[in-house]
Structure formats: structure tokens, C-alpha cells
Amino acid sequence: MTALRVGVVGAGKISGAYLGTLRRLSNVDVVAVGDLDEARAEAAAATTPGARALAVADLLAADDVDLVLNLTIPAAHAEIARAAIAAGKHVYGEKPLAVTTVQAGAMLAAAARAGVRLGCAPDTVLGTGVQTARACLDSGDIGTPVAATAFMVTPGHERWHPAPEFYYQPGGGPLFDMGPYYLTALVTLLGPVRRVAGMAATPRAARVIGSGPRAGAEIEVAVATHVTGVLEHANGALSTLVMSFDVWAGQLPHIEVYGTDGSLSVPDPNGFGGAVQIFHAGAEDWTPVPEAGGYRGAARGYGVSDLASALTTGTAHRANGEIAYHVLDVMESLLAAADSGQAVDITSSCDRPPAVPFGGHPDDPTTGRAARSAGFGPGAANGP
Ligand SMILES: NC(=O)c1ccc[n+]([C@@H]2O[C@H](COP(=O)([O-])OP(=O)(O)OC[C@H]3O[C@@H](n4cnc5c(N)ncnc54)[C@H](O)[C@@H]3O)[C@@H](O)[C@H]2O)c1
């Protein structure tokens, strides 16, 4: 099988994680890297055997690029994706799909017209954490799901990211930045959302950069930094959400799902693995659930590989534009609900992607079939 040739646009903080994974996956090949900052593109290409640094326009036009991996900041996601689609390339992008559903809808339509695939992070839901929880739910282990909680609380990314402005501009904030992990997990577990209500606040008008050459500089906050909401899934389950950049410490679970016959504790959806626990109705305590679904040892980039496999088999890829659009719609509607004080009906929907069977990835020699018999493969490694 020929590997899908990938051109990476955006060689910032997260690019190293992708390049590290893609290097070991046999069905994808990084051939070029581009960035507005040419030195970054050069540095990233230098760490990637077989890849060259290109100006972004040249990368988008390159004949040997089949898929553009869009790792730019959220404000540039739509522009780069549209240009790549116009050049006939498949696109896989970091989350959120775009800053608005208007932009994202145009991306989906353009991809459909051009006959190219549109994929989007997060691919963490393909790992053993969320997929094991999904296997429990699909087997009826906690009965009928009734409700869920999803909590992500932190003081804010400006403490560790050297260029954190985008986290405080439209497309950022705790909801748009971290919400995609939690909402994509909730949609994977419980299906699409039909209605949302919420409230949001911006307690601080400015933040201070905590690391890198601009440490100490103030940046403006243009988004809600504490968002809380309720999602009504199409199956009737109610999810309660808190996404915050305003909490110094908390002891909240990441995700829990409550059913008629028990409860399920789901690990951090910003990682690929982690422990799933179940509480059966009437039991004394929680019980650990052995891994029962998902790619063992998965890492950022598995969604690109899944898209590459789906292209060769003519099947749907899992980390797809429709789910990312629905998640963006839910996030946008939650903020609209917070603004208006009224619940908002969600007009978009999506299918739950096919479950990932438990095991090593067939195209990852460190966790794939050959490696398993040789005894390789981390158990439930988290992503960065
Ligand atoms: N940093 C993380 O830990 C992390 C984790 C998961 C996902 N993400 C997501 O990855 C994306 C990138 O985040 P990051 O932390 O790597 O940001 P970053 O600011 O470190 O890097 C972004 C890079 O994109 C380049 N860029 C911006 N606009 C561009 C354009 N129009 N054309 C070409 N290049 C352009 C910038 O020059 C920069 O090098 C975001 O969507 C973010 O939500 C980041």
C-alpha cells in the first residue's frame, strides 16, 4: 500500500507530537512542512526524514502532497483548509474545526464539492480510554444512560504556552480549546446533542504570559473564560459541563456517565488511555474495567492515519468533519445560550463513528500486530 503523503502547515508547539507519531506510522509519510515563520518550518523539517521546508503557498500547490495537516492557530484553520481543498488536497486539522460554524460549514461544503476528505482533531477518542468506556456503554453495562458530567478546570494556558494569545481570542477560551476533547468524547459515548443551555463569565480582562521570551507581558482576554452548561443529547441523556480557565485547583472527575444500572468513570479525554472504572448498581465500590476498545499506545496523529486507511478501503474516517462541525455548533450555541439566557436548539447532528476494536494499530509497528507478538507496546499511554 502506498503511504498518504502529508504536508504539515503550522510548525508550532503541537507539531512535534504529530511529527513524532507520523514518523512511525507506515501508511502516512510527511513530505513537507510550512509555516509563516520559515525558520520553524526549517527546524521541523530537519527533524523529519524525507521532509522539506516549503513556503505555505508552495506546499499547498505541491504535487506530492495528498493531505494537508493543518496545525495552525484556530483563526487560520478555515483559511488554510479552504486553500488546501481548493488545491484538491485532503485536509486534517487541529481543533476547533474553525472559529465559527459559518466558516466550518463552508469548509464541509467545499470538501464535498471537491471530493476530498475533511478530518479534525481530537483523535484522543480513538484511544483505549474513551473506547473502553464506549464498549461498556454499548454492552449495556450501566443500563440506559441518563446523564453525564464533564469537567475541565485550570488556571489558564498562559502559564506554560509561550504564545498564548490565541487561547484568549475567538476560537479559544476553555470551551473552544478544551471543549472539543470533552464534547467529542460525550458525542462518541452518548451520541449527538439536540439542545443546550448555559452561562459564561470573563472574570479577568487581561492575563500575563508565564513562559518564553515574552514572559511578563499582558495579553487581552476577548472570550468567556468560565463556561458552564447543560447539553440534552438526542437520546435524552443530560450532560453537565464546566470548562474553566479560572480555577486554581479542583478535585472534579474528567467525565462520568450515569446509567439506570450503574456509573462509569471515564479518564481524561485529552489523553488516549487511562483507567476506566465502573460502579454496578448495589455494589460496594468501583471496579476497574480491563481495556476493551481503542488503539493501544495511541498518540496524536492516529486520526490522520485512520483517514489514510479509510481512503484506501473507501470507508468513512472516524475523526471526521461532521463530528467536528457538530461539536463546534454545540460550543457556539452554548455561548449563544449564555448570551441570550435562552436554551438553544442544535440544528446539526452527526453519526457516532464506528467503534475502534481493542488492539495495536495495524500501521504502527510499535503497537501493531507484529510488535504485539514481539512483546512491544505501551499499555495505555497518554498523549502529550
Ligand atoms: N499546544 C498544545 O499543547 C496543543 C495541544 C493540542 C492541540 N493544539 C492545537 O493545535 C493548534 C496549534 O497550537 P500550537 O500550540 O501548536 O500553536 P503555536 O502558536 O505554537 O503554533 C502555531 C503555528 O502556526 C503558524 N501559523 C499561524 N497562522 C498561520 C498561517 N496562516 N499559515 C501558516 N502558518 C501559520 C504559526 O507561525 C505557528 O508556528 C491549535 O489549534 C491548538 O488548539 C495545541
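The values are calculated or read from the model by the stated rules, or taken from the named source; none is laboratory data. Computed from a predicted structure; not experimentally measured. Glycine gets a Cβ as well: all are built from the backbone with ideal geometry, and neighbour counts include every protein chain shown. Heavy atoms of the whole protein, side chains included, go into the accessibility calculation; ligands, DNA and RNA do not. Shrake-Rupley method; radii C 1.70, N 1.55, O 1.52, S 1.80 Å.
Do you know which residues across the range 55-76 are within 11 Å of the ligand (Cβ to nearest atom) and farther than 21 Å from residue 312 by Cα? First the steps, then the outcome.
Narrowing the range 55-76 to residues within 11 Å of the ligand (Cβ to nearest atom): 55-57, 59-60, 68-76.
Selection gives 55, 56, 57, 59, 60, 70, 71, 72, 73, 74, 75, 76.
Kindly establish whether residue 128 is open to solvent by less than 10 Å² (accessible area, probe 1.4 Å) and of a type in the set (Ser, Thr, Tyr). Write out each step before concluding.
Values: open to solvent by less than 10 Å² (accessible area, probe 1.4 Å): yes; of a type in the set (Ser, Thr, Tyr): yes.
The answer is yes for residue 128.
Filter the range 188-215 for residues that are within 27 Å of residue 232 (Cα to Cα) and β-branched (Val, Ile, Thr) and give the result.
Answer for the range 188-215, where residues must be within 27 Å of residue 232 (Cα to Cα) and β-branched (Val, Ile, Thr): 188, 193, 196, 202.
Just checking, which of 156, 115, 171 is within 16 Å of the ligand (Cβ to nearest atom) and either in contact with a Ser or Thr (Cβ under 6 Å, 6 or more places away or on another chain) or under 24 Å from residue 69 (Cα atoms) (or both)? Walk me through how you get there before you give the answer.
Working: 156 fails: either in contact with a Ser or Thr (Cβ under 6 Å, 6 or more places away or on another chain) or under 24 Å from residue 69 (Cα atoms) (or both); 115 fails: within 16 Å of the ligand (Cβ to nearest atom).
The match here is 171.
Could you count how many residues in the range 307-323 are touching a Lys or Arg at 6+ places or on another chain (Cβ under 7 Å) and open to solvent by 10 Å² or more (accessible area, probe 1.4 Å)? Write out each step before concluding.
Going residue by residue through the range 307-323, those that are touching a Lys or Arg at 6+ places or on another chain (Cβ under 7 Å) are 307, 311, 317.
Still in the list and also open to solvent by 10 Å² or more (accessible area, probe 1.4 Å): 311, 317.
Residues that pass the stated criteria total 2.
Which residue out of 147, 133 is of a type outside the set (Lys, Arg) and in a strand (DSSP E or B)? Talk me through it step by step, then tell me what you get.
Values: 133 fails: in a strand (DSSP E or B).
Going through 147, 133 in turn, the sole match is 147.
Out of everything in the range 253-272 that is in a loop (DSSP other than H, G, I, E, B) and open to solvent by less than 20 Å² (accessible area, probe 1.4 Å), what residue ends up being nearest to residue 144 (Cα to Cα)? So that I can check it myself, show each step before the final result.
First, pick out the residues of the range 253-272 that are in a loop (DSSP other than H, G, I, E, B): 253-254, 260-261, 267-272.
Narrowing further to those that are open to solvent by less than 20 Å² (accessible area, probe 1.4 Å): 267, 269, 271-272.
Working: 267: 20, 269: 22, 271: 26, 272: 25 Å.
Looking at residues that are in a loop (DSSP other than H, G, I, E, B) and open to solvent by less than 20 Å² (accessible area, probe 1.4 Å), I get 267.
Which one of these is β-branched (Val, Ile, Thr) and without any contact (Cβ under 8 Å) to a residue 60 or more places away in the chain: 347, 312, 366? Break it down into steps so the answer makes sense when it comes.
Working: 312 fails: without any contact (Cβ under 8 Å) to a residue 60 or more places away in the chain; 366 fails: without any contact (Cβ under 8 Å) to a residue 60 or more places away in the chain.
That would be 347, the only listed residue that is β-branched (Val, Ile, Thr) and without any contact (Cβ under 8 Å) to a residue 60 or more places away in the chain.
Quick check on residue 177: is it crowded, with 17+ Cβ neighbours inside 10 Å and under 22 Å from residue 17 (Cβ atoms)? Steps first, answer last, please.
Values: crowded, with 17+ Cβ neighbours inside 10 Å: yes; under 22 Å from residue 17 (Cβ atoms): yes.
Yes.
Can you tell me which residues in the range 220-229 are in a strand (DSSP E or B) and buried (at least 18 other Cβ atoms within 10 Å of the Cβ)? Working first, answer last.
As a first pass, look at the range 220-229 and keep what is in a strand (DSSP E or B): 220, 226-229.
Correct list: 226, 227, 228, 229.
Has the range 190-210 got at least one residue that is open to solvent by 10 Å² or more (accessible area, probe 1.4 Å), within 23 Å of residue 139 (Cβ to Cβ) and in a loop (DSSP other than H, G, I, E, B)?
Yes, some residue in the range 190-210 is open to solvent by 10 Å² or more (accessible area, probe 1.4 Å), within 23 Å of residue 139 (Cβ to Cβ) and in a loop (DSSP other than H, G, I, E, B).
Which fully enclosed helices (runs of 4 or more DSSP H) of the range 1-111 have 1 or more residues being open to solvent by less than 50 Å² (accessible area, probe 1.4 Å) and in contact (Cβ under 8 Å) with a residue 60 or more places away in the chain? Full working, then the answer.
On the way: elements: 15-24, 38-46, 56-61, 74-86.
Hits in the range 1-111: 15-24, 74-86.
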